[in-house]
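I have placed the structure first, in the form of structure tokens, so that the comments after it can refer back to it.
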Amino acid sequence: MSLLKHAKQYLANQSKYAHLNAFVSLADRTKLFSNFGAGDDEPHNVRNKPIAIKDNICTHDLKTTASSDILKNFTSPYDATVVGLLRDAGAVVVGKTNMDEFGMGSHSTHSHVGPVKMQRHAYEEERSAGGSSGGSALAVASAQCWAALGTDTGGSVRLPAAYTGVVGFKPSYGLLSRWGVIAYANSLDTVGIFGKDVGDVEAIFDKLNMHDPQDPTSLPDSTRARLGKDSKSSSSLRIGVPLDYNIATLQPAVREAWSRTLRYLWEQGHSLHPIRLPATQHALSAYYILAPAEASSNLAKYDGVRFGSRAEGIDGTPESVLFAKTRGQGFGSEVQRRILLGAFTLSAQAIDNYFIQAQKVRRLVQQDFDRVFASPNPLGTEVSQSDQATERVDVILSPTAPTLAPFLEGVKSQDPISAYMNDVFTVPASLAGLPAVSVPVRITPQEKTAEHRDESIEESVGIQIVGQYGEDKLVLRVADAVA
Ligand code: GLN
């Protein structure tokens with residue numbers, strides 16, 4: 001198909017699926033068409049492709065609200081590095097996608113423009129698209145764009161990818177620049193990529209994977225040169241099966257897809273190895289201490305003076321009133337909850353029991369992974385021989401989430417802790433900064449045609465592949481074999 005025809009189809013779908021609420025803002029269409037070049041559509045090539053950007057990643061030409069009322073009028077004077085790199089590669093930014101406010105949530109329901117709603121076909125009851133990058137995932141799933149960027153702090157790319165049936169990749173922490181990305185919890189925040197297949201995702205990753213001097217946490221070239229050195233190149237891989245992930249609340253369809261995928265890989269000549277990641281059971285609690293603690297500090301600047309829309313009619317009042325009113329009105333309830341939680345766990349009376357303990361658990365989670373991976377962590381300390389697991393593996397394969405996409409109605413009445421539970425399998429790789437990807441595995445396997453790929457949101461189970469730090473390419477290779 002010609003590029004222009006394809007582009008027109010994507011834009012037509014933006015109108016057709018407007019009710020899904022995947023976008024916060026759309027680019028001016030008349031200008032867009034002049035940006036799409038002529039020629040044929042080449043697969044796995046970024047040039048002239050329509051790409052959507054999560055609304056917490058800065059663009060100079062569209063507002064960046066992070067789906068928050070407090071930033072509803074904010075337009076950044078510059079593009080984030082990742083957006084600039086995509087534009088340099090010829091991609092066309094078609095809009096900003098809906099999300100959970102500041103990235104806090106698992107269903108994309110906490111947004112000042114209303115929730116993202118997934119409907120696989122007309123008349124189906126609305127389902128959660130996952131969060132917080134639910135808009136980006138659904139925009140790709142419903143062919144409103146070719147690919148999209150999201151952010152993943154504790155699973156926000158992988159969970160929506162699993163629920164909507166697309167590929168969602170969180171690279172190793174520090175590989176993609178965070179300059180111009182609104183911080184939620186900066187020691188965990190990672191830019192991630194959504195696409196219909198692994199080849200598309202990898203094409204984007206290759207354009208973005210470079211050092212950025214503007215981002216102090218961007219990995220320098222000297223360290224990049226050491227990455228992936230020990231990566232297994234042979235065709236037979238050792239696949240780790242984490243026994244601790246076989247929890248009682250795993251839905252039968254999810255467990256079935258997990259074992260079917262493992263069986264398939266075994267038939268392809270890979271070997272399967274049961275592994276233990278004992279710190280996993282504490283990872284979720286540690287994450288929900290650490291992320292809000294960082295958030296409470298990162299969000300302090302939205303006070304109506306330095307950043308953010310100021311509450312009306314309070315000029316001339318003392319600062320404390322101005323700040324409290326602006327923040328009380330501008331932040332949604334989940335963001336307020338996280339700020340309070342974070343401020344508490346960092347307070348003098350609580351820091352030792354909460355924040356410091358959570359940092360220790362984070363270290364244990366990292367050590368769990370280093371113990372089971374065959375390649376050493378290029379950033380970590382050497383694991384002593386006696387500490388190493390007997391079974392050592394190249395990648396770890398598990399479900400991305402314990403359940404399929406839940407109904408939106410049920411999610412609305414859920415208490416916050418139940419929403420946090422969705423992140424149980426994604427959070428460990430975030431705490432350790434490891435590369436992780438979610439790939440869709442069809443519930444009823446069937447032949448895929450080109451039209452099929454473009455037009456339908458199918459019910460599928462997200463399968464997650466996690467690798468050692470810097471082994472991003474290996475993780476994508478396995479994802480490609482599974483998808
Ligand atoms: N659901 C998690 C949270 O609310 C993860 C969010 C994310 O990765 N941005 O913190």
- Query: For the stretch 433-458, how many residues meet the condition of being within 18 Å of P399 (Cα to Cα) and at pLDDT 80 or above?
  - Reply: 10
- Message: Which count do you get for residues in the stretch 195-244 that are among the basic types (K, R) and under 22 Å from L159 (Cβ atoms)?
- Response: 1
- Message: If I filter the stretch 363-370 for residues that are free of Cβ contacts under 8 Å to residues at least 40 places away in the same chain and farther than 24 Å from P220 by Cα, do I get at least one hit?
- Response: no
- From the options D100, D79, residue that is crowded, with 24+ Cβ neighbours inside 10 Å, on the phi < 0 side of the Ramachandran plot, among the acidic types (D, E) and in contact (Cβ under 8 Å) with a residue 12 or more places away in the chain: D100
- Message: So, V393, is that one under 29 Å from A257 (Cα atoms) and either more than 16 Å from the ligand (Cβ to nearest atom) or within 24 Å of the chain's Cα centre (by Cα) (or both) or not?
- Response: yes
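For V191, state whether it is surrounded by fewer than 19 Cβ atoms within 10 Å (Cβ to Cβ), outside any loop (DSSP other than H, G, I, E, B) and modelled with pLDDT of 95 or more.
Values: surrounded by fewer than 19 Cβ atoms within 10 Å (Cβ to Cβ): no; outside any loop (DSSP other than H, G, I, E, B): yes; modelled with pLDDT of 95 or more: yes.
So V191 does not fit the description; no.
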- Message: So, A405, is that one in a loop (DSSP other than H, G, I, E, B) and either more than 14 Å from the ligand (Cβ to nearest atom) or acidic (D, E) (or both) or not?
- Response: yes
- Query: Checking L265 against (1) modelled with pLDDT of 95 or more; (2) crowded, with 17+ Cβ neighbours inside 10 Å; (3) in contact with a helix residue (DSSP H, G or I) (Cβ under 6 Å, 6 or more places away or on another chain), which single condition isn't satisfied?
  - Reply: (3)
- A148: within 16 Å of the ligand (Cβ to nearest atom), aliphatic (A, V, I, L, M) and closer than 25 Å to S177 by Cα, yes or no? yes
- Message: Just the residues that are acidic (D, E), under 21 Å from D368 (Cβ atoms) and either under 22 Å from the mean Cα position of the chain (by Cα) or part of a loop (DSSP other than H, G, I, E, B) (or both), please, taken from the stretch 209-245.
- Response: D230
- Please verify whether the stretch 299-314 includes one or more residues that are of a type in the set (V, I, T) and either part of a helix (DSSP H, G or I) or farther than 29 Å from N56 by Cβ (or both). no
- Only one of (1) surrounded by fewer than 23 Cβ atoms within 10 Å (Cβ to Cβ); (2) closer than 30 Å to S128 by Cβ; (3) at pLDDT below 95 is not met by A38, so which one is it? (2)
- Within the stretch 376-402, tally of residues that are more than 18 Å from R477 (Cβ to Cβ), among the charged types (D, E, K, R) and assigned to a loop (DSSP other than H, G, I, E, B): 3
- Task: Select, from G192, G155, G131, the only residue that is within 13 Å of the ligand (Cβ to nearest atom), touching a Lys or Arg at 6+ places or on another chain (Cβ under 7 Å), in contact (Cβ under 8 Å) with a residue 12 or more places away in the chain and not hydroxyl-bearing (S, T, Y).
- Result: G192
- Item | Among residues of the stretch 352-363, those that are in a helix (DSSP H, G or I) and surrounded by fewer than 17 Cβ atoms within 10 Å (Cβ to Cβ), counted | 5
- Mind listing just one residue for me: the one in the stretch 376-422 that is at pLDDT below 95 and of a type in the set (G, A, S) and, of those, nearest to R127 (Cα to Cα)? G410
- Message: As an exercise: evaluate L20 against (1) farther than 30 Å from H107 by Cβ; (2) within 25 Å of the chain's Cα centre (by Cα) and give the number of the one condition it does not meet.
- Response: (1)
- Message: Being part of a helix (DSSP H, G or I) and in contact with a strand residue (DSSP E or B) (Cβ under 7 Å, 6 or more places away or on another chain) is the requirement here; does A253 meet it?
- Response: yes
- Within the bounds of the stretch 59-70, is there any residue that is part of a helix (DSSP H, G or I), without any contact (Cβ under 8 Å) to a residue 60 or more places away in the chain, over 23 Å from the mean Cα position of the chain (by Cα) and farther than 18 Å from G308 by Cβ? no
- Task: Out of F74, F102, report the one residue that is aromatic (F, W, Y), within 26 Å of E312 (Cα to Cα) and within 16 Å of the ligand (Cβ to nearest atom).
- Result: F102
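Table: residues versus (1) touching a helix residue (DSSP H, G or I) at 6+ places or on another chain (Cβ under 8 Å); (2) free of Cβ contacts under 8 Å to residues at least 60 places away in the same chain; (3) crowded, with 16+ Cβ neighbours inside 10 Å.
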{"residue": "H19", "(1), (2), (3)": "no, no, no"}
{"residue": "A27", "(1), (2), (3)": "no, no, yes"}
{"residue": "N48", "(1), (2), (3)": "yes, yes, yes"}
{"residue": "I51", "(1), (2), (3)": "yes, no, yes"}
- Query: Can you name the residue in the stretch 419-444 that is outside any strand (DSSP E or B), among the small types (G, A, S) and more than 12 Å from the ligand (Cβ to nearest atom) and, of all such residues, is farthest from the chain's Cα centre (by Cα)?
  - Reply: A432
- Message: Against the conditions (1) surrounded by 24 or more Cβ atoms within 10 Å (Cβ to Cβ); (2) modelled with pLDDT under 95, where does G131 fall short? Just the number, please.
- Response: (2)
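The values are calculated or read from the model by the stated rules, or taken from the named source; none is laboratory data. Because the structure is predicted, anything quoted here is derived from the model rather than measured. Ideal geometry is used to build each Cβ from the backbone, glycine not excepted, and the neighbour counts take in all protein chains shown.
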